[in-house]
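Here the structure comes first, spelled out in structure tokens, and everything after it is commentary.
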Amino acid sequence: MADLLSAVLQPGALITLLVLAGSVVLFVSGWLAPELTGLLAAALLMASGVLTPAEAVAGFGSPALITLMGLFAISAGLFRSGGLDRLRALIGSDAVRSPKRMIAVMVAAVGPVSAFVPNTPIVASLLPVMEGWCQRRGVSPSKVLLPLSFATVLGGTLTLLGSSVNLLASEVSSKLGYGSFGLFSFTPIGIAVWLVGGTVMLLLADRLLPDRGSDDDDLIASFASSGYLTEVQIPFGSELIGQSLHASRLQRRFDVDVLELHRGSERFLPPLADRTLALSDRLLLRCSREDLLRLQQDHTVVLAPTSEEPIGPDRQNNQRMVEVLLPAGSTLAGDCLRDLRFRQRYNLTVLALRRGNAVLRERLGRAQLREGDVLLLQGPKDAIRGLQANNDLVVLEQLEKDLPTVSRKRVALLIGGLVILLPSFNLIPLVASVLLGTVAMVASGCLRPGELQRAIRLDVILLLGSLACFSQALEKTGLAASLAQGLLLGLQNWPIYAALLVVFLFTTLLTEVMSNAATVAMLIPIAGQLAQGLDQPPMAFIYAVLFGASQSFLSPVGYQTNLMVFGPGRYRFLDIPRYGFPLTITMTVVVPFLICRWFGL
């Protein structure tokens, strides 16, 4: 223990420890965006002299990062060209008649696709299909959307291309001298994880998934229920002028809750029943979508758009209403609608906002948008179609032929197949295959140059590129070896299975509160040193970190696809761990066992 303390108190190790601790706090608190936290950590390690500039930014030139950039482009080409229309058709098929069958189809079909295509665009593409299926079947979205996210998570550990975390782990392992991963290095373990996880999801679906009601259900008279937050204004000539809410017919005719009343710069909170209404008063309402549609046709109130130019009644007949989601990585998150000038930017009016099941006590124009928010928009169909090429918003309803199949579908599928096959037979390196596939997608017309640039997630690139400095600093300062020595004191006499279980469980829990990429970058150097101290193959413990970082089933913020389905599924926070806890316990027991069998431990 004295050796550990002396090693930690070395200047370089102490600075590294402080930077890592500060980064963990920022990752958990969310005060800074994850990619900014990574850049800050890299800058501090350079400024303090722990790492040279070349060492700190080496991650931005790594083959893993270049591979990921190309992978974003290839997946975009597959979706844009209709290469994955069959998957969408299968998921939306009327032959699937129950939520349990839908979960089985998702595990069987979406999981394997997630092995080669990033899971975020898969979920974004399938969300409107799933919503349409739920509406036709009268099924609550909460019964199927969380399994959709979990299915992509399980499929992401089937191959190296299944997740950006896999690529980062391979890069970190290679730089530390433990070797990189092949395309199918951990596929045997991944297949067993996928099958076991899918089985558990099916068995627990009926009992643990909540039923929040279908889109056609009326609003439950409770702030904890699902519904929209919208704002209406009392126009000239309205019968509400001079009346109190209690005496008016607004709440008798419509099933709405009046949350606030705004009069000029004044703000009034409940109780509001006896307050007299006046011209131009703005009411903040919580109501169902159907009542919101009826409110548009009632001349006693008018919808109050966030922009300066309201939509007149003569134009409303040509408008269409649609739900959109702010996905993970949306550049709109953190801004309010007024500052974004949303109406002018998109030619669409925000009518309502839903954030899970939370009640927002803010006016719409001033509400700060967050990832996972669901907005109800109104506007021309052409403007809504324009959103489908936008990475900042995901349309949650299917327009007619919203992703038309084009003549280049077979070309896109051929390119995607060759990208996988060529490195599988060791004909060319994976990064070369992905880059050639990216160029082929653009050259063949499957993807336009502008779409290529929009497909690349800059936030993910900045995060993964900057996080490489974590593992570099841990190894260079000897902090990884010192921390591993400390762990050896407690694990030396434990069975290898138990040691792997501890590493897996710790990684899983850390992933739930901070970026899984940061978890991998911090823990792989320590896991490798721990394995060497136990005279075991380092790759076994690295696999435990890799699978632990990918098994995020306990919180909506633990994985970006969990956050994407949180709003559309009308979930509450505890719905995620209730369904995900048994799955996490199962994986904690099964994954270390599979690793032991694979490495003969």
* **Spatially proximal lysines relative to K381 (Cα-Cα < 26 Å; intrachain offsets below 8 disregarded)** => K401, K409
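Taking all protein chains in place and a 1.4 Å probe, what share, in percent, of the accessible surface of region 434-558 do carbon and sulfur account for?
Values: 2820 of 4250 Å².
Of the solvent-accessible surface of region 434-558, carbon and sulfur hold 66 percent.
Let me know the shape class of region 462-545, please: from the alpha-carbon gyration tensor, a ≥ b ≥ c as square roots of the eigenvalues, rounded when a/c is under 1.5, otherwise prolate if a/b is greater than b/c, or oblate.
Values: a/c = 2.16, a/b = 1.41, b/c = 1.53.
Judged from the Cα gyration tensor, region 462-545 comes out oblate (a/c at least 1.5, b/c at or above a/b).
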* To do: With θ set to phi - 60°, apply the Karplus curve 6.51 cos²θ - 1.76 cosθ + 1.60 along region 537-548 and write out the HN-Hα couplings as whole Hz, x wherever there is a Gly or Pro.
  => x, x, 4, 5, 6, 5, 4, 4, 5, 4, 5, x
* Structure fact -> If one compares the long axis through the Cα atoms of helix 11-29 with the longest principal axis of the Cα atoms of the chain, the angle in degrees, nearest 10, works out at 30 degrees
* Approximate spin-label separation A498-F573, in nm, with each point projected 7 Å along Cα-to-Cβ -> 3.5 nm
* To do: Quote the charge dipole size of the chain about the Cα centre in Debye, to the nearest 20; the model charges only the Cβ of Lys and Arg (+1) and of Asp and Glu (-1).
  => 940 debye
* Structure fact -> Extension length gain for S48 and V513 (0.36 nm per residue less Cα distance), in nm, is 164.7 nm
* Interatomic Cα distance distribution for the chain, bins of 10 angstrom, percent -> 3, 16, 25, 24, 17, 10, 4, 1, 0
* To do: Measure nothing but the geometry: give the 0 to 90° angle between the long axis through the Cα atoms of 496-513 and the longest principal axis through the Cα atoms of the chain, rounded to 10°.
  => 30 degrees
* 0 to 90° range, to nearest 10: angle between helix 430-443 axis and the chain longest Cα axis -> 40 degrees
* To do: Taking amide H positions as placed in the peptide plane 1.01 Å from N, state which residues far from L259 in sequence (5 or more) or on other chains have amide H under 5 Å from it.
  => L284, L285, R286
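If we count every other residue with Cβ under 14 angstrom of S444's Cβ, Lys/Arg +1 and Asp/Glu -1, where does the sum land? Provide the component values of the computation, followed by the final result.
Details: positive: R80, R408, K409, R410, R448; negative: E451.
Its environment carries a net charge of +4.
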* Taking the Cβ-Cβ separation of S244 and R366 as r and a Förster radius of 30 Å, what is the calculated FRET efficiency to the nearest 0.05? -> 0.70
* Structure fact -> Among A440, L458, F547, the residue whose Cα sits farthest towards the positive end of the charge dipole of the chain, when +1 is placed on the Cβ of each Lys and Arg and -1 on the Cβ of each Asp and Glu, is A440
* Identify the residues of region 57-95 with backbone N under 20 Å of a label point that sits 7 angstrom from the Cα of L40 along the Cα-to-Cβ direction, or state none. => 57
* Candidate lysines for bridging to K175, where Cα separation is under 19 Å - those fewer than 8 sequence places away on the same chain excluded -> K476
* Asked: To the nearest Å, what is the center-to-center distance of region 30-84 and region 522-601, using C-alpha atoms only?
  -> 22 Å
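Under 14 Å from the Cβ of S163, count the other residues' Cβ atoms, weight Lys and Arg +1, Asp and Glu -1, and hand me the total.
On the way: positive: R457; negative: E171.
Summing Lys/Arg as +1 and Asp/Glu as -1 gives 0.
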* **Simple spin-label estimate for S174 and R597 in nanometres, 7 Å along Cα-Cβ** => 3.0 nm
* Structure fact -> Here region 196-201 yields Karplus 3J(HN,Hα) values (6.51, -1.76, 1.60; θ = phi - 60°; whole Hz; Gly and Pro given as x) of 5, x, x, 5, 5, 4
* To do: Straight distance only, please: which lysines reach the Cα of K100 with their own Cα at less than 24 Å, same-chain residues fewer than 8 apart left out?
  => K143
* Treating each Cα of region 3-158 as an identical point scatterer and ignoring solvent, apply the Debye formula and state log10 I(q)/I(0) at q = 0.11, 0.16, 0.20 Å⁻¹. => -0.65, -0.93, -1.16
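Per residue of the chain, what 222 nm ellipticity follows from adding -39500 (n - 2.57) for every DSSP H run with n ≥ 4, rounded to the nearest 500? Please report the intermediate quantities before stating the final value.
Values: 28 runs with 326 residues, N = 601.
Only helices count here, giving -16500 deg cm²/dmol.
The values are calculated or read from the model by the stated rules, or taken from the named source; none is laboratory data. Since we're looking at a predicted model, the values are computed, not measured. All Cβ positions, glycine included, derive from the backbone under ideal geometry; neighbour counts span all protein chains shown. These accessible areas exclude ligands, DNA and RNA; they are computed on the full protein's heavy atoms, side chains included. Shrake-Rupley method; radii C 1.70, N 1.55, O 1.52, S 1.80 Å.
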